Amino acid sequence: MDQIFWGRPQRLFRYSVTLFLVFSFVVPGVLSLQAGQSTGTQPPVLDKALKLKIIDWICLKLDEIYVFPDVAKKMEVFIRNRFSQGEYAKITDIRQFSRTLSKDMVSVSNDRHIAVRYSLNPSLRAQRLDEEEEKKRLELRILNWKLDNFQFKKIEHLEGNIGYLRFDQFADARWGGDTAVAALQLLGYCDALIIDLRYNGGGNSNMIQLILSYFFDEQKHINSFFIPRENKTEQSYTSSYVRGRRLDKVDLYILTSQRTFSAAEEFTYDLKHMERATVIGETTGGGGHTVATERNDELKIEFNVPDTRAINPVTKTNWEGKGVVPHILCPMEEAFDRAYSLALKNLYEKTESKGNKKQWLKWVWEYQQTMIDPRDVHPDILRSYAGSFGPARIVFEEGVLSVIQPGRKNKEPLLAIDEITFIIQGDSNIRIQFEKDTAGNVMAAYGLFSDGTKQRIPKNK
């Protein structure tokens, strides 16, 4: 698509592919409390004896499974004390009791993976199906992943040769690996890559291993995982082989929010502490454990209890309860603009002066910076620029300076780089610079172009 300013065509080097969502992903630890329940059957009468039975079973599982034995004991003491002090006495609904126990244990552990729920029938995570039923369930899950494009939402090539990739789940690499590889290869010749995990709630560790492998030129130790129930430690590494082009020289930026959770946090934490990426946005949710779902068929109670904890080889700890703190803290809504501007700045600074790439990067960087933070110019100065310049018009209305280009009806706002130079909002290829005489009168306007050329248009009398 060509854009015209005063008769001068400029080609836009930008494309994007938007991938659409069909099904939504459920964040670990925020699972529906209604899963597996039958609305046609009344739950049991919740008396003191039943409450104690539920607490006894939960405490048993905490002792057997939970990743920090000392924290498990603190949670047990807390909920038993509340029970003995009558804090649960007025609760008569087993669902409310389950939610309250969850909330109380999270208040002690700050572990958002913990969840208790009443479920008349086993939830999907707790069902023990025969081989044929398990096969059908897996086929349905794979179908849903395919319809979701394995949660890969958006791929975009930005000006400055910077890639943007958003995916909202780490799908199982056994089925989603081809999609991940295709996305990375599409952006394989970018100089920098922005990975957007602001809406990513976690997923499978094998997808972490697959994607991370592209960002290193040799095998790396990613994490160790301690499993208390089995008293063993497992380790994960990047792969020494990847399909297609590696991105080991690409500058990496990761966008985060409070919604970034679990596997998405591991991915971010790993790259941050291997000093491979710059993290920008909000501190993440703080879910550093994998989760087992235990079920008591007699009580119809299910318990999500973390059974494995990550141990990062650099920090010797993980992000549980703390989250991943970005290098640059900012609201999630600002994270992309901050990352894009920083990526352009860093590429500009390390690019050699020979050729026109450095000049081009400076041009794109100045545009992005001005979009984020335009310079304030006094209204009287802005008003002085209003008038006709050849077939184009500059107008100043309601405190905003705009251009109406020939053949167009819409006003396009002008944002100031400095007192006389302006970008056109939404068009990074062209700028307007005003010429004044010694008395300060506006004599002409220049159309400035990214290749260094310019076109002078006198102001109409």
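Points worth noting:
For (1) of a type in the set (A, V, I, L, M, F, W, C); (2) touching a residue at least 12 places away in the same chain (Cβ under 8 Å); (3) under 30 Å from D70 (Cβ atoms); (4) not assigned by TED's automatic domain parsing to the domain that holds I254, each residue gets a yes or a no:
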residue	(1), (2), (3), (4)
I311	yes, yes, yes, no
K316	no, no, yes, no
G321	no, yes, yes, no
L344	yes, yes, no, no
W365	yes, yes, no, yes
A386	yes, yes, no, yes
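- L187 vs. criteria more than 16 Å from the chain's Cα centre (by Cα) and farther than 23 Å from L140 by Cα: yes
- Of all residues in the stretch 418-450, exactly one satisfies the criterion of being hydrophobic (A, V, I, L, M, F, W, C), surrounded by fewer than 17 Cβ atoms within 10 Å (Cβ to Cβ) and under 37 Å from the mean Cα position of the chain (by Cα), namely F449.
- Filtered residues of the stretch 325-355 (kept if outside any helix (DSSP H, G or I) and either among the hydrophobic types (A, V, I, L, M, F, W, C) or more than 29 Å from G286 (Cβ to Cβ) (or both)): V325, I328, L329, C330, T351, E352, S353, K354, G355
- Of all residues in the stretch 302-322, those being within 30 Å of K53 (Cβ to Cβ), surrounded by fewer than 23 Cβ atoms within 10 Å (Cβ to Cβ) and of a type in the set (A, V, I, L, M) number 0.
- Of the residues making up the stretch 195-203, one or more are closer than 30 Å to K358 by Cβ and among the aliphatic types (A, V, I, L, M).
- If you go through the stretch 356-390 and keep only what is among the basic types (K, R) and either assigned to a helix (DSSP H, G or I) or surrounded by 17 or more Cβ atoms within 10 Å (Cβ to Cβ) (or both), you end up with K357, K358, K362, R383.
- Elements of type strands (runs of 3 or more DSSP E) contained in the stretch 203-297, each with 3 or more residues being within 14 Å of the chain's Cα centre (by Cα): 251-256, 277-281
- Qualifying residue in the stretch 159-173 (condition: at negative phi, in a helix (DSSP H, G or I) and either surrounded by fewer than 14 Cβ atoms within 10 Å (Cβ to Cβ) or not polar (S, T, N, Q) (or both)): yes
- Within the stretch 61-120, the residues that satisfy the criterion of being part of a loop (DSSP other than H, G, I, E, B), farther than 24 Å from T260 by Cα and not charged (D, E, K, R) are Q85, G86, Y88, A89, I91, T92, S119, L120.
- For R137: the one exception among (1) over 25 Å from G285 (Cβ atoms); (2) under 35 Å from the mean Cα position of the chain (by Cα); (3) at pLDDT 90 or above; (4) surrounded by fewer than 17 Cβ atoms within 10 Å (Cβ to Cβ): (3)
- In summary, V108 fulfils each of the numbered conditions (1) under 29 Å from F68 (Cα atoms); (2) crowded, with 21+ Cβ neighbours inside 10 Å; (3) hydrophobic (A, V, I, L, M, F, W, C) with the single exception of condition (2).
- Residue satisfying condition, being surrounded by 14 or more Cβ atoms within 10 Å (Cβ to Cβ), in contact with a strand residue (DSSP E or B) (Cβ under 7 Å, 6 or more places away or on another chain) and either in the same structural domain as V106 (by TED's automatic domain parsing) or among the hydroxyl-bearing types (S, T, Y) (or both), within set K53, K61: K61
The values are calculated or read from the model by the stated rules, or taken from the named source; none is laboratory data. Everything quoted here is computed from the prediction, not taken from an experiment. For neighbour counting, all protein chains shown are included, and Cβ atoms are generated from backbone atoms with ideal geometry for every residue, glycine included.
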